[in-house]
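K.L.:
The structure under discussion is supplied below as structure tokens; questions concerning it will follow.
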Amino acid sequence: MVKEVEENIYLIDNPYAQNLLTIVRDKSTPYHVFRRILEELGFIVGVEISHSLPTYEVKVETPLGVKAKGLRLISDERIILIAIMRASLPFIWGLLKAYPKARLGVIVARRIEETKRFDEKGMLFDVEISYQKLPTIDNNDIVVVADPMVATGSTISRILWDVKKSKPLKVIVASIITTEHAINRIKSVYPETIFYTLSIDNELNENGFIVPGLGDAGDRSFGTS
């Protein structure tokens, strides 16, 4: 179940997905369970973003020799998934299960904590991109930027400055938790962005971490600190 809470902002609130969200929020969840559930949530979010993908009607013949009206999605090959390393790795694996023919872009980015400052939209950070390899994007492509935690929106906003030059058909941000703060900042860069998430948490602490959030998704996925 997905509901549009604001224009182009979709909340995935079915009980099964929300149960998984509760498990990953729990600080006692072991890293290997956390990682597995992030992958499962990636698949769930992938299925739900199909609501925003182009479709077309077809007719197929059943084994009974009868024609049945059906619906098909745009080819996976028109979908470009962008993984923001490293936290999005398990999440992107789940999205790839939903769209196995999708092309995959990889960006290694980090926000520079020492550059924290505030503008009229709130807290933001400079972002350092140390590696970027993206497929060629054109105006027939659907770009899905995947990051399990979208806190201030600084990193995705930086990425979208580059992506929007290619004028993709649609841009979707897929996450597990985001904030209204991040949504507003990202929309200021690319107003047509579509958001799919399981929760919009309402607070950032002084370090720019989501509260209540679920901690550092990268560390919790890979057993590091």
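Every number here is computed from the coordinates shown, using simple stated rules; none is lab data. The shown structure was predicted, so the numbers you read here are calculated from the model rather than taken from an experiment. Counting neighbours? That spans all protein chains shown, and the Cβs are built from the backbone with ideal geometry, glycine included.
K.L.:
Could we say that Val5 is free of Cβ contacts under 8 Å to residues at least 40 places away in the same chain, among the β-branched types (Val, Ile, Thr) and not in a helix (DSSP H, G or I) here?
P.N.:
no
K.L.:
Another one. Going by the structure shown, is Leu73 under 22 Å from the mean Cα position of the chain (by Cα) and within 30 Å of Asp138 (Cβ to Cβ)?
P.N.:
Yes: the conditions hold for Leu73.
K.L.:
Oh, and also: Among the residues of region 49-59, is there at least one that is touching a Gly at 6+ places or on another chain (Cβ under 9 Å), aliphatic (A, V, I, L, M) and in contact (Cβ under 8 Å) with a residue 24 or more places away in the chain?
P.N.:
For region 49-59, residues touching a Gly at 6+ places or on another chain (Cβ under 9 Å), aliphatic (A, V, I, L, M) and in contact (Cβ under 8 Å) with a residue 24 or more places away in the chain: absent.
A quick yes/no check of all residues on (1) touching a His at 6+ places or on another chain (Cβ under 9 Å); (2) among the β-branched types (Val, Ile, Thr); (3) closer than 22 Å to Ile194 by Cα:
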| residue | (1), (2), (3) |
| --- | --- |
| Leu104 | no, no, yes |
| Arg110 | no, no, no |
| Glu113 | no, no, no |
| Arg117 | no, no, no |
| Gly122 | yes, no, yes |
| Pro135 | no, no, yes |
| Asp138 | no, no, yes |
| Ile142 | no, yes, yes |
| Pro148 | no, no, yes |
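K.L.:
List pairs: first residue in region 203-219 and farther than 15 Å from Thr152 by Cβ, second residue among the charged types (D, E, K, R) anywhere in the structure, Cβ distance under 6 angstrom, at least six positions apart or on different chains.
P.N.:
Leu214/Arg25; Gly218/Arg86
K.L.:
Find all pairs meeting these conditions: Cβ atoms under 8 angstrom apart; at least six residues apart or on different chains; first residue within region 61-81 and under 19 Å from Ile92 (Cβ atoms); second residue among the β-branched types (Val, Ile, Thr) and assigned to a helix (DSSP H, G or I).
P.N.:
Leu81/Ile92
K.L.:
Name the residues in region 158-186 that are farther than 21 Å from Ser50 by Cα, of a type outside the set (A, V, I, L, M, F, W, C) and surrounded by 21 or more Cβ atoms within 10 Å (Cβ to Cβ), would you?
P.N.:
Within region 158-186, Thr179, His181, Arg185 meet the criteria.
K.L.:
How about region 23-108: which strands (runs of 3 or more DSSP E) wholly inside it have at least 1 residues that are of a type outside the set (Lys, Arg) and buried (at least 19 other Cβ atoms within 10 Å of the Cβ)?
P.N.:
Of the strands (runs of 3 or more DSSP E) lying wholly inside region 23-108, those with at least 1 residues that are of a type outside the set (Lys, Arg) and buried (at least 19 other Cβ atoms within 10 Å of the Cβ) span 79-85.
K.L.:
Just for region 8-22: of the residues that are assigned to a loop (DSSP other than H, G, I, E, B) and in contact (Cβ under 8 Å) with a residue 60 or more places away in the chain, which one is nearest to the chain's Cα centre (by Cα)?
P.N.:
Asn8
K.L.:
Let me ask something else about it. Those residues that are assigned to a strand (DSSP E or B) and either surrounded by fewer than 15 Cβ atoms within 10 Å (Cβ to Cβ) or of a type in the set (S, T, N, Q) (or both), I need them from region 113-124; list them, please.
P.N.:
Glu113, Glu114, Thr115, Arg117, Phe118, Asp119, listed by residue number.
K.L.:
Enumerate the pairs (first residue in region 125-143 and farther than 30 Å from Phe209 by Cα; second residue anywhere and part of a strand (DSSP E or B) and among the small types (Gly, Ala, Ser)) with beta-carbon separation below 9 Å, excluding pairs fewer than 6 apart on the same chain, so at least 6 apart or on different chains.
P.N.:
From residues that are farther than 30 Å from Phe209 by Cα, the pairs are Pro135/Gly105; Ile137/Gly105.
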